[in-house]
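A short reminder: the numbers here are calculations on the coordinates, not readings from a lab. As the structure is a prediction and not an experimental result, all values here were calculated from the model. Positions of Cβ are backbone-derived with ideal geometry, glycine not excepted, and every protein chain shown enters the neighbour counts.
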Amino acid sequence: SDSDSQFDVAVIGGGPGGYVAAIRCAQLGLKTALVEKRKALGGTCLNVGCIPSKALLHTSEQFEFAAHNAAAAGVEIDGKVSLNLKTVMDKKDKVVKQLTGGVDMLVKKRGITRFEGHGKLLGEGKIAVDDKEALSATNIILATGSAVVDLPFLKQDGETIVSSDQAIAFDSVPENLVVIGAGAIGLELGSVWARYGSNVTVLEFLPNIAAGCDTDISKLLERSFKKQGLTIHTKTKVTGAKEIDGKLNVIAEKKGKEIAVPADKVLVAVGRKPYTDGLGLETVGITPDQRGFIEIDDHFKTSAAGIFAIGDIVRGPMLAHKAEEEGVALAEMIAGKAGHVNYDVIPNVIYTEPEVAGVGLTEAQAKEKGIAIKVGKFPLQANGRAIASDATDGVVKIIACAETDKILGGHIVAKGASEMISEIVTHMEYGGSAEDLGRTVHAHPTISEAIKEAGLAVDGAAIHSL
Ligand code: FAD
Ligand code: NAI
């Protein structure tokens, strides 16, 4: 009947933006539909992104410990340590399945109507699923996410020249892995395969790896990765690939000279682009901007009435937690409440070893904005828990306003930085100062004490460093 296909809200795309928006809409009493073309909900993040990559980072770290670091820790392993990659991949697949199954259950229990298939706008208020008119809705949320960027001179073939989609599922360890791009994907998946024994070479165009990070932090990271055996070339422009003596080589230009790096697999990790293929934007008069993003106002409204957009298809960092927050805020706005996302305090994490986490302004960004700042740093070499845990590679850096002491940014390199950053995020969310961090009691011994010390260091008052 009509009422079965008529909704208050229809969401296209079941990733962290879309499924979270749908759940929040349903919680607020709106009749909600969710259109997703994949069988499993969870989008890029759960199926081929955040979650499978973290599962591989975890198991590869265990392998690395057993293979290389166990003896020094007094763990004698009798016999050869060997890798069963099939078990590793099965475990990763099980993690993904458990989570996507969980989202499926939540969506069902919230009474959200699921449409499986490709969603396409058919003018304002109407949606086709797999080319058949299927539903109509007063409000439509576009949350179709992003797709891999290709290099024109090094086209992906899904076999040898691949994206993260394949690099989370290799069936053997490539002897030589060339990674193009030292962003989050390149560094995380480069680390995974290096731990499993690949010769990993990372080629990065910019002067620093992990480009969005504070420069001090990138430098420290680069040293740490090089110690772990990754070969990293910065200021290096990849120009193509060719066979040399019957072997594929990636060709790049570094300081005016050509370099050739042999590759069994090439991971292209040069960014992602908004994905709106076949979405029928033209039927509602929406034209994406030059880079493919859908333009929205402060209330996620597109140029078409009743149509909103969130997540990787709109401006801002392409991160799962950013998409989720936008999903919640938009659902609340549609329900007549005051939804809000604080874009100044979105943490950014790279889950390597050590982990890198940052929030707010870097030192360079603060200077660019002409803000007078004070900086406090605390190295993990002076932290008891870090020493006891073989985890002294790292630092905490706090950037505060010179005038008001308000925290403007926080940057951490540490084992567990992904968990630690939330403390700085919370202080910033409540307008906290460096002194607030320094005067907050931290359990001893914890690596988090380095955050307190960095807060104190802003005024030259760190206890355990000079
Ligand atoms: P997506 O998750 O891409 O979901 C969009 C969904 O829409 C997809 O399921 C797609 O099938 C569906 N869809 C598209 N078009 C249609 C259509 N017309 N009809 C029906 N369905 C459609 N972010 C982090 O914050 N932390 C991490 O650790 C992290 N790790 C990552 C690792 C990798 C390897 C990758 C690739 C990404 C990672 N990200 C991470 C980024 C994160 O995955 C994205 O920012 C996030 O998934 C964006 O959410 P979204 O809902 O906007 O889009
Ligand atoms: P990215 O944008 O983070 O990094 C791409 C890197 O490639 C940049 O450093 C860039 O300078 C470099 N590059 C671009 N063209 C190049 C060329 N021709 N030669 C050499 N280097 C080149 O993109 P990435 O790593 O592909 O990730 C895509 C998205 O997924 C990002 O938005 C990221 O935020 C998200 N993601 C987040 C993760 C996390 O939060 N931990 C993990 C993985 C992905």
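Structure above, values below:
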item	result
Scan of region 341-370 for residues that are of a type in the set (A, V, I, L, M, F, W, C), within 16 Å of ligand 2 (Cβ to nearest atom) and assigned to a helix (DSSP H, G or I), ordered by number	345, 364
Single residue of 147, 169 found to be part of a strand (DSSP E or B), within 16 Å of ligand 2 (Cβ to nearest atom) and either under 30 Å from residue 231 (Cα atoms) or not aliphatic (A, V, I, L, M) (or both)	147
Hey, residue 216 away from ligand 2 (no atom under 14 Å from the Cβ) and closer than 15 Å to residue 354 by Cα or not	yes
Qualifying residue in region 10-31 (condition: among the basic types (Lys, Arg) and either within 16 Å of ligand 2 (Cβ to nearest atom) or assigned to a helix (DSSP H, G or I) (or both))	yes
Residue satisfying condition, being buried (at least 20 other Cβ atoms within 10 Å of the Cβ) and among the small types (Gly, Ala, Ser), within set 400, 391	400
Test: residue 366 is among the aliphatic types (A, V, I, L, M), in contact (Cβ under 8 Å) with a residue 60 or more places away in the chain and surrounded by fewer than 23 Cβ atoms within 10 Å (Cβ to Cβ)	no
Tally of residues being more than 16 Å from ligand 2 (Cβ to nearest atom), assigned to a helix (DSSP H, G or I) and acidic (Asp, Glu) across region 282-331	1
Members of region 300-331 that are surrounded by fewer than 24 Cβ atoms within 10 Å (Cβ to Cβ) and within 23 Å of residue 428 (Cα to Cα)	315, 316, 317, 318, 319, 320, 321, 322, 324, 325, 328, 329
Scan of region 47-72 for residues that are in contact with a helix residue (DSSP H, G or I) (Cβ under 8 Å, 6 or more places away or on another chain) and farther than 19 Å from residue 193 by Cα, ordered by number	47
Top-ranked residue of region 269-286 - restricted to ones that are under 27 Å from the mean Cα position of the chain (by Cα) and hydroxyl-bearing (Ser, Thr, Tyr), ranked as surrounded by the fewest Cβ atoms within 10 Å (Cβ to Cβ)	275
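Conditions tested, residue by residue: (1) part of a loop (DSSP other than H, G, I, E, B); (2) hydrophobic (A, V, I, L, M, F, W, C); (3) touching a Leu at 6+ places or on another chain (Cβ under 7 Å).
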| position | (1), (2), (3) |
| --- | --- |
| 339 | yes, no, yes |
| 381 | no, no, no |
| 390 | yes, no, no |
| 418 | no, no, no |
